[in-house]
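Step one of this worksheet: look at the structure below.
The values are calculated or read from the model by the stated rules, or taken from the named source; none is laboratory data. Keep in mind the model is a prediction, meaning the values are calculated, not measured. Neighbour counts run over all protein chains shown; Cβ positions are idealised from the backbone, glycine included. Ligands, DNA and RNA are excluded from the accessible area calculation, which covers all protein heavy atoms including side chains. Shrake-Rupley method; radii C 1.70, N 1.55, O 1.52, S 1.80 Å.
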Amino acid sequence: IGLAIASLAVTTSLPAVAQDSAEKAKAVSQEGGKWVDADGTPTFHFEPDGTVDWYTFSGYRRYHSECHVCHGPDGVGSSYAPALSESLKTMDYGTFLSIVAEGRKNVGGGKENVMPGFGDNKNVYCYMDDLYVYLRARAVGNAPRGRPPKKVDKPKEAGEAEKSCMGG
């Protein structure tokens with residue numbers, strides 16, 4: 001009995017891992033073309049004909065201009081960096097933003113992995129929601145690999161936010 005109680009204490013004291021799913025990521029409302037889930041977290045939206053929202057499309061473009069060199073095409077990973085299409089299944093939005101902005105260093109098992117911070121790179125910083133939405137769509141939304149074939153037009157609000165962030 002003592003071992004069972006000790007075992008229970010160990011398993012209940014481990015930190016809970018956020019588990020995302022298609023159901024949790026379901027888009028429930030949007031403002032200015034940006035969709036959110038029931039918790040208010042940015043998410044993707046696909047029309048029945050496969051048309052993606054602007055932010056998913058923009059995230060695809062930004063990911064392939066800044067992130068795929070290390071993390072592989074479509075977030076599938078490489079020998080150099082992990083598969084973000086898998087990581088986002090257990091990474092919440094705040095953690096994603098923090099890692100992208102500040103970077104992270106993992107040392108263990110005889111190897112070292114370093115993710116540089118991109119908080120000073122406007123080509124990443126100004127589009128962090130877009131990157132998150134795209135990678136979330138790849139992780140739990142069954143977004144296919146490759147460039148989305150159809151997208152909605154860029155919302156006026158997206159253009160204004162981009163202009164403001166980029167300093168133009």
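Converting phi to 3J(HN,Hα) with the Karplus coefficients 6.51, -1.76 and 1.60 and the offset θ = phi - 60°, segment 70-83 yields 9, 8, x, x, 6, x, 7, x, 8, 6, 9, 8, x, 6 Hz in sequence order, with x at every glycine or proline. Computed from the C-beta positions of residue 38 and residue 79, the FRET efficiency with R₀ = 35 Å rounds to 0.40. For the chain, DSSP calls about 90 percent of its internal beta bridges antiparallel. For the residues 62, 104, 136, a GNM of the chain with alpha-carbon springs under 10 Å puts the largest fluctuation on 104.
Please state the shape class of segment 76-118: rounded when a/c is under 1.5, otherwise prolate if a/b exceeds b/c and oblate if not, all from the C-alpha gyration tensor. Taking the square roots of the gyration eigenvalues as a ≥ b ≥ c, segment 76-118 is oblate. Using bins of 5 Å that start at zero, the share of Cα-Cα pairs per bin across segment 78-168 amounts to 3, 11, 18, 22, 20, 15, 8, 2, 2, 0, in whole %. In a simple Cβ point-charge model (Lys, Arg +1; Asp, Glu -1; nothing else charged), the chain has a dipole of about 400 debye relative to its Cα centre. Radius of gyration over Kirkwood radius for segment 39-86, both on Cα atoms: the Rg/Rh ratio is 1.05. Would you check the chain for Lys pairs whose C-alpha atoms are within less than 23 Å, ignoring same-chain pairs closer than 8 in sequence, and give me the count? Total qualifying Lys-Lys pairs in the chain comes to 22.
Estimated from the Cβ-Cβ distance and a Förster radius of 25 angstrom, the FRET efficiency linking residue 23 and residue 65 is about 0.20. Using θ = phi - 60° in the Karplus curve 6.51 cos²θ - 1.76 cosθ + 1.60, the 3J(HN,Hα) couplings for segment 148-162 round to x, x, 9, 9, 6, 5, 5, x, 4, 4, 5, x, 5, 5, 4 Hz; x is entered for Gly and Pro. Estimated purely from DSSP H runs of n ≥ 4, each contributing -39500 (n - 2.57), the mean residue ellipticity at 222 nm for the chain is -12000 deg cm²/dmol once divided by its residues.
For the chain, the share of accessible area belonging to carbon and sulfur comes to 54 percent (1.4 Å probe, ligands and nucleic acids excluded).
All distinct Cα pairs of the chain go into the 1/r average, and the inverse of that average, the Kirkwood radius, is 17.2 Å. Considering only alpha-carbon pairs that sit under 8 angstrom and 6 or more positions apart, the relative contact order computed for the chain is 27 percent. Stretched out straight at 0.36 nm per residue, the stretch from residue 150 to residue 111 would grow longer than its current Cα-Cα span by 9.9 nm. Here the peptides 138-149, 29-40 are ranked by packing, the mean other Cβ count within 10 Å, and the order with the highest first is 138-149, 29-40. Spin-label pair residue 163-residue 95: with each label point 7 Å from Cα along the Cα-Cβ axis, the two points sit 3.8 nm from one another. Per residue, the chain exposes 59 Å² of accessible surface when a 1.4 Å probe is rolled over the protein heavy atoms with every protein chain present.
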